[in-house]
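Colleague: One structure is given below, represented as structure tokens, and several questions about it will come after.
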Amino acid sequence: MSRVGLSPIPVPEGVEVNIAGNEVVVKGRKGEIHRRFHQDITIKLEDKTLVVSRHSDDKTHRALHGLTRSLLANMVRGVSEGFEKILEVSGVGYRVQEKGGKLSFQVGYSHPVEFQLPAGISASVEGANRLHISGVNKEIVGEVAAQIRAIHPADSYKGKGIKYAGEQIRLKPGKAGKAATAE
């Protein structure tokens with residue numbers, strides 16, 4: 001029995017949920033999200049709570065049960081609170097700037113790297129090296145943050161590059177020959 005799928009999802013004030021068959025539309029003050037779910041999973045709105053149930057105890061239905069509940073909870077949270085990822089750009093001369101829906105990175109290349117933000121995603125730059133990515137869809141926010149990090153991931157020797165806030169980079173020691181000749 002799926003323990004995740006069994007827990008109901010409370011719908012906060014100001015959030016509207018429309019269920020039409022296996023398609024769910026969630027509207028809130030931050031935006032609107034549409035999603036189509038598997039037809040073997042039943043979604044009901046009862047007394048400002050969403051309840052997810054399955055037709056059988058089949059292995060795939062059990063897996064879809066928890067998945068559907070998690071996706072619905074993320075949709076409700078996204079339109080009411082939103083999601084945010086914070087990235088840090090570290091290194092001498094490394095910086096990020098926002099220019100009208102585009103991000104411009106100076107990360108050690110001979111040219112600035114431009115990144116076009118997709119629709120529904122907003123970015124704000126704090127200082128010259130801290131970037132806040134926010135939006136209503138958790139999957140898209142995470143994907144955009146991963147694509148930005150992939151521009152120049154923090155290297156394991158000096159720690160220079162783009163990393164998530166709070167991410168610990170384990171630095172490797174330099175050349176072993178350098179330490180041996182210093183003695």
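Colleague: Mind checking whether some residue in the range 36-46 is outside any loop (DSSP other than H, G, I, E, B) and within 23 Å of Ile121 (Cβ to Cβ)?
Modeller: yes
Colleague: Against the condition out of contact with any Asp or Glu (no Cβ under 8 Å at 6 or more places or on another chain) and modelled with pLDDT of 90 or more, how does Val26 come out, does it pass?
Modeller: Judged against the criteria, Val26 is not a match.
Colleague: Is it fair to say Val125 is free of Cβ contacts under 8 Å to residues at least 40 places away in the same chain, assigned to a strand (DSSP E or B) and either surrounded by 14 or more Cβ atoms within 10 Å (Cβ to Cβ) or among the polar types (S, T, N, Q) (or both)?
Modeller: yes
Colleague: Can you pull out every residue in the range 16-31 that is in contact with a strand residue (DSSP E or B) (Cβ under 7 Å, 6 or more places away or on another chain) and closer than 16 Å to Arg77 by Cβ?
Modeller: Glu16, Val17, Val24, Val25, Val26, Lys27
Colleague: Can you confirm whether Val25 is in contact with a Ser or Thr (Cβ under 6 Å, 6 or more places away or on another chain) and not assigned by TED's automatic domain parsing to the domain that holds Ala119?
Modeller: Against the criterion (in contact with a Ser or Thr (Cβ under 6 Å, 6 or more places away or on another chain) and not assigned by TED's automatic domain parsing to the domain that holds Ala119), Val25 does not qualify.
Colleague: When the residues of the range 136-177 are filtered to those that are of a type in the set (Lys, Arg) and over 14 Å from Glu84 (Cβ atoms), which remaining residue is nearest to the chain's Cα centre (by Cα)?
Modeller: Arg149
Colleague: Another question, if that's okay. What's the total number of residues in the range 139-159 that are crowded, with 19+ Cβ neighbours inside 10 Å and outside any helix (DSSP H, G or I)?
Modeller: 2
Colleague: Now for a separate question. Please return the ranges of strands (runs of 3 or more DSSP E) entirely within the range 48-121 where 2 or more residues are modelled with pLDDT of 95 or more and closer than 24 Å to Val11 by Cβ.
Modeller: 83-90
Colleague: Ok, one more. Quick check on the range 7-24. Is at least one of its residues farther than 24 Å from Val136 by Cβ and either basic (Lys, Arg) or surrounded by 15 or more Cβ atoms within 10 Å (Cβ to Cβ) (or both)?
Modeller: Within the range 7-24 (the criterion being farther than 24 Å from Val136 by Cβ and either basic (Lys, Arg) or surrounded by 15 or more Cβ atoms within 10 Å (Cβ to Cβ) (or both)), the answer is no, since none of the residues qualifies.
Colleague: Another question, then. Counting just the residues of the range 90-111 that are free of Cβ contacts under 8 Å to residues at least 40 places away in the same chain and among the hydroxyl-bearing types (Ser, Thr, Tyr), which one comes out nearest to Glu126 (Cα to Cα)?
Modeller: Ser104
Colleague: Can I ask one more? For the subset of the range 96-117 comprising residues that are surrounded by fewer than 12 Cβ atoms within 10 Å (Cβ to Cβ) and out of contact with any Lys or Arg (no Cβ under 6 Å at 6 or more places or on another chain), which member is nearest to Arg29 (Cα to Cα)?
Modeller: The qualifying residue nearest to Arg29 (Cα to Cα) is Gly100.
The values are calculated or read from the model by the stated rules, or taken from the named source; none is laboratory data. Bear in mind the structure is a predicted one, so any value in this text is a computation, not a measurement. Methodologically, a virtual Cβ is constructed for each residue, glycine included, from the backbone with ideal geometry; neighbour enumeration extends over all protein chains shown.
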